[in-house]
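Trainee: This is the structure I want to talk about, given as structure tokens.
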Amino acid sequence: MKPALSTSNDEFRVLLNQLVRLRLFRNTNRELGEYIGYNLQSNNSIKNISAFTARCIFHELNREIEQQLEGGLDLEIMLKAYKAASKFYDEHLKGRKKILQKENLFILLKRYYVGDYQIPEEKLFLKKTLSEIDKKDIRFPYLLLLALEILPLYTSKKGDVNDISGDFNKLFSFIKEFIQHEERLFNLPVLNQFEKEVRSGKIYCNRLYLIYVTLVSLETYRGFMNPEKLYAMVNGSKEDIIAFDLDNSFWVEPEMLFAPAVFWEFVRLNGNMYFLYCYSINTEKKLIYYTRHDAIFFRDERNGLVMQIDHPEKIFSLLGKDKILNYKLNVFACEIDTSPTPDIIRLQPLMNNDFNFPHQKFIRLKDEGKTKQLRKCLEKGIYEIKNKFPDTEYFFQNTTPSAITKEYIYFKKETESGNENKIYYRVPKNLNDGLPYITINDSMGILELKGRKYIAFDPLYLYIEVTDDICCAENEVDIVSEIVI
């Protein structure tokens, strides 16, 4: 439940006037006037309408914007934050070109959103600014939009918005450059989704939407950059992930229904995730190539049922210490004919991130003869079977920790044949700020790739190499023979 603000009818008239004057809901007065049925281009001021009417219009606009933006923006709270940020910007930042340089805005953002980030010694002059921001409880996203000249000052009377698409592109480019500025590069899929919404015309792009994009993008960034928040974010999304009865069948595209030279197979993993295999048969060469994708289905307030399909090279981004989420993926709005056992899956692209996945309709293959024939093709010795991305083939064993104590998480270590002594990997919780939040119900285990071995903490995107004693020592993982409670 949102905090209640004590607002009188007369104050609602003032707030509505701010929405109009700052062109927040519509980009021109003509558009907004037509929308609410009030001539805003005449000499009449919005302040002249009755207080009751102003309150009704304001509440209705608020209801609509909450529906459009998934409840992520309350107009009354937004205007209060905007006003405070504008006053601060006007008094402390406006005209201070040094602080408003891009590299310094990046530093201010990192300090504001990343818990353990330390301001470089040569940039300590920024500390005073941050101290003032914290002291006056200013929301940084509004300061950023003011600094980029995407939002005007709260007292502005500049009038209609001239180039909202240009403003969005400026904001999109800035945030994208910011999140990729660190050595720990990553992409924010939500940012690409915003771009697609604007490009496709699915959303009416206005200043309220730009505020929303900024708030959501930077809060998502905060989640990924702070392990304890990442854990909460991933854990909170578990209930949205769902599974269907898809395995034990082959799937084909419509044009392959009668002669499936290309076919697909879902293999459900622990929980609600899948490997999605794409097989391509070359009968002349007796060769089958396959690609293995990670795939999940989840519910999304804006798009309904969604399917995310990751490129096989995702694994390299997860294991690389210098890159987080810098992998290729596709996100689709998804329709199924029946649940929980669909026979048809239709996909409509919502977002793609640098890899082509053109298949937009899967049909369950029900012809027993063709199914039996394909099963036989996959048997060893009939066809040569090759992975198109052999370096990405990994094995993951979901494993419950042997114990979680106040300071450590213990995993049983495989011992040599004939050795009955129990040996454990002992992972200190202080290695990562998110580890103290881990429970036995989380997805964890041992991941193996190309002869290397990792302890995987999926909710934290944390993968600690334990291939040998040297790796264990480097990563501060001890090998012990007993669990100390």
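The values are calculated or read from the model by the stated rules, or taken from the named source; none is laboratory data. From a predicted model like this one, the values you see are computed outputs, not experimental measurements. Glycine also receives a Cβ, built like all others from the backbone with ideal geometry; neighbour counts cover every protein chain displayed. For the accessible areas, the whole protein counts, side chains as well, though only heavy atoms, and no ligand, DNA or RNA atoms are used. Shrake-Rupley method; radii C 1.70, N 1.55, O 1.52, S 1.80 Å.
Trainee: Go through L79, L61 for me and flag whichever is more than 30 Å from H181 (Cα to Cα), without any contact (Cβ under 8 Å) to a residue 60 or more places away in the chain, open to solvent by less than 10 Å² (accessible area, probe 1.4 Å) and outside any loop (DSSP other than H, G, I, E, B).
Mentor: Criteria check complete, one pass: L61.
Trainee: Further, regarding this structure: Could you tell me how many of the residues in the stretch 464-474 are surrounded by fewer than 18 Cβ atoms within 10 Å (Cβ to Cβ) and touching a strand residue (DSSP E or B) at 6+ places or on another chain (Cβ under 6 Å)?
Mentor: 2
Trainee: Right, next: Filter the stretch 244-275 for residues that are assigned to a loop (DSSP other than H, G, I, E, B) and modelled with pLDDT of 90 or more and give the result.
Mentor: Across the stretch 244-275, the qualifying residues are F244, D245, L246, S249, F250.
Trainee: Quick one: count up the residues across the stretch 64-76 that are part of a helix (DSSP H, G or I), closer than 16 Å to V216 by Cα and open to solvent by less than 50 Å² (accessible area, probe 1.4 Å).
Mentor: Matching residues across the stretch 64-76 total 3.
Trainee: OK, next. Check every one of the strands (runs of 3 or more DSSP E) wholly within the stretch 391-485 and list those with 1 or more residues that are under 27 Å from D116 (Cβ atoms).
Mentor: 408-413, 423-428, 444-449, 452-457, 462-465, 478-480
Trainee: Now for a separate question. Output the residue which, of all residues in the stretch 219-243 that are at pLDDT below 80, surrounded by fewer than 17 Cβ atoms within 10 Å (Cβ to Cβ) and among the charged types (D, E, K, R), is farthest from G304 (Cα to Cα).
Mentor: Among residues in the stretch 219-243 that are at pLDDT below 80, surrounded by fewer than 17 Cβ atoms within 10 Å (Cβ to Cβ) and among the charged types (D, E, K, R), the one farthest from G304 (Cα to Cα) is E228.
Trainee: Starting from the stretch 212-227, keep only residues that are closer than 16 Å to Q193 by Cβ, then list their pairs with residues that are open to solvent by 30 Å² or more (accessible area, probe 1.4 Å) and of a type in the set (F, W, Y) whose Cβ atoms are within a distance under 8 Å, requiring at least 6 positions of separation or different chains.
Mentor: Sorted first by the residue in the stretch 212-227, then by its partner, the pairs are F224/Y461.
Trainee: Just the residues that are more than 16 Å from L449 (Cα to Cα) and within 29 Å of the chain's Cα centre (by Cα), please, taken from the stretch 380-403.
Mentor: T399, T400, P401
Trainee: Give the residues of the stretch 321-341 that are of a type in the set (V, I, T) and either over 30 Å from N475 (Cβ atoms) or modelled with pLDDT of 70 or more (or both), sorted by residue number.
Mentor: V331, I336, T338, T341
Trainee: For the list (1) in contact (Cβ under 8 Å) with a residue 24 or more places away in the chain; (2) closer than 23 Å to R207 by Cβ, I need the number of the one condition that E132 fails.
Mentor: (2)
Trainee: When the stretch 342-358 is examined, which residues are found to be open to solvent by 30 Å² or more (accessible area, probe 1.4 Å) and modelled with pLDDT under 70?
Mentor: Within the stretch 342-358, N352, D354, N356, P358 qualify.
Trainee: Within the set of pairs 6 or more residues apart or between chains, which connect a residue that is assigned to a helix (DSSP H, G or I) inside the stretch 193-205 to a residue that is open to solvent by less than 60 Å² (accessible area, probe 1.4 Å) and small (G, A, S) with Cβ atoms less than 8 Å apart?
Mentor: What qualifies is F194/S217.
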